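Worksheet: the structure to be examined is printed underneath.
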Amino acid sequence: MEFIDRLLEFGLTRQEATIYQTLLLHGEVTGYEAAKLTGISRSNTYNGLAGLVEKGAAYVIEGNVTKYIPVDVKDFSANIIRNLKTLRESLIESAPDKLVECQGYVTITGKKHVMNQLRNMIQNAEYRIYVLAGEDLLAEVKQELENLQKRNIKIVIITDKPFRAVEHITVYQNDGPIQQFGVIIDSQEVLTGESAQRENTACLYSKNSNFVAVYKEMLRNKISLITLQGGNEK
């Protein structure tokens, strides 16, 4: 079921995903055989097979009897991602410009959405980033931090365990566990919430200049305290 659920994220319907899984298991089959193997009605099976062909997940073998074969999962998923990248560029170019920048306080709910926001913020950093987080959360964004380091973006991290996964960054080790994570990007935006990311977690995001300034001052005070206690790692 997990495989089929993943296929839904790639634009297949549940029936198409079920038929695609059957094609992968049994190789080339006719529409009639696919219907028998899946238990889906013949009319819905043929509609599903047509959908798979249209979406690039299956090919048609012409002959006395029409058969269908699956496109390899790696190729199918790569094609979808490639097409999405092209569509993304077109979408960005055609999007209307923002008239007013939001200065409010936005609640972002759900681990997936929080992590997407966090990764996007890190990826879009231009000058500097301050991160207050435990080792588990840092491990999840290690690749994004490494990419920033390659771009010579200043990275300052406050964490509760030794962190050397990314070179040439400033790390301050807090004396106790970090319950709340926080990220400041270019002194312009803040994301903060519980360090333990759960499926129903909620975090606060804001570009409010006063809130950013207050949060930045809080991190400075924490860094000063850690330094006085000898917690400056490098």
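Mind telling me which of the residues Lys111, Lys98 ends up being out of contact with any Phe, Trp or Tyr (no Cβ under 7 Å at 6 or more places or on another chain) and in contact (Cβ under 8 Å) with a residue 40 or more places away in the chain? Can you show your working first?
On the way: Lys98 fails: in contact (Cβ under 8 Å) with a residue 40 or more places away in the chain.
Going through Lys111, Lys98 in turn, just one is out of contact with any Phe, Trp or Tyr (no Cβ under 7 Å at 6 or more places or on another chain) and in contact (Cβ under 8 Å) with a residue 40 or more places away in the chain: Lys111.
From the residues in segment 44-89 that are outside any helix (DSSP H, G or I) and of a type in the set (A, V, I, L, M, F, W, C), which one is surrounded by the most Cβ atoms within 10 Å (Cβ to Cβ)?
Of all residues in segment 44-89, those outside any helix (DSSP H, G or I) come to 55-72.
Applying the additional criterion that residues be of a type in the set (A, V, I, L, M, F, W, C) yields 57-58, 60-61, 65, 69, 71.
Numbers: Ala57: 29, Ala58: 25, Val60: 14, Ile61: 13, Val65: 10, Ile69: 15, Val71: 19.
Out of the qualifying residues, it is Ala57.
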Could you please tell me which pairs satisfy a Cβ distance under 8 Å, a separation of 6+ or placement on different chains, a first residue in segment 1-21 that is assigned by TED's automatic domain parsing to the domain that holds Ala58, and a second residue that is of a type in the set (Asp, Glu) and surrounded by 13 or more Cβ atoms within 10 Å (Cβ to Cβ)?
Leu7/Glu16
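How many residues, within segment 136-164, are of a type in the set (A, V, I, L, M, F, W, C) and under 20 Å from the mean Cα position of the chain (by Cα)? Quick ask: steps written out before the conclusion?
Applying the first criterion (of a type in the set (A, V, I, L, M, F, W, C)) to segment 136-164 yields 137-139, 141, 145, 148, 153, 155-158, 163.
Next, only the ones that are under 20 Å from the mean Cα position of the chain (by Cα) stay: 137-139, 141, 145, 148.
Total satisfying the criteria: 6.
Only one of these is in contact with a Phe, Trp or Tyr (Cβ under 7 Å, 6 or more places away or on another chain), surrounded by 18 or more Cβ atoms within 10 Å (Cβ to Cβ), of a type in the set (Ser, Thr, Tyr) and under 16 Å from Gln103 (Cα atoms): Ser206, Ser195. Name it.
On the way: Ser195 fails: under 16 Å from Gln103 (Cα atoms).
From the options Ser206, Ser195, the qualifying one is Ser206.
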Looking at Thr30, Thr45, Thr66, which is the one that is in contact (Cβ under 8 Å) with a residue 24 or more places away in the chain and either more than 20 Å from Arg14 (Cα to Cα) or among the charged types (D, E, K, R) (or both)?
Thr66
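Any residue that is under 25 Å from Ile226 (Cα atoms), of a type outside the set (S, T, N, Q) and in contact with an Asp or Glu (Cβ under 9 Å, 6 or more places away or on another chain) - is there at least one of those in segment 93-113?
Pass one, segment 93-113, residues under 25 Å from Ile226 (Cα atoms): none.
No - not one qualifying residue is present in segment 93-113.
The values are calculated or read from the model by the stated rules, or taken from the named source; none is laboratory data. Remember, predicted model here, so these are calculated numbers, not experimental data. Every residue, glycine among them, receives a Cβ derived from its backbone with ideal geometry; neighbour counts consider all protein chains shown.
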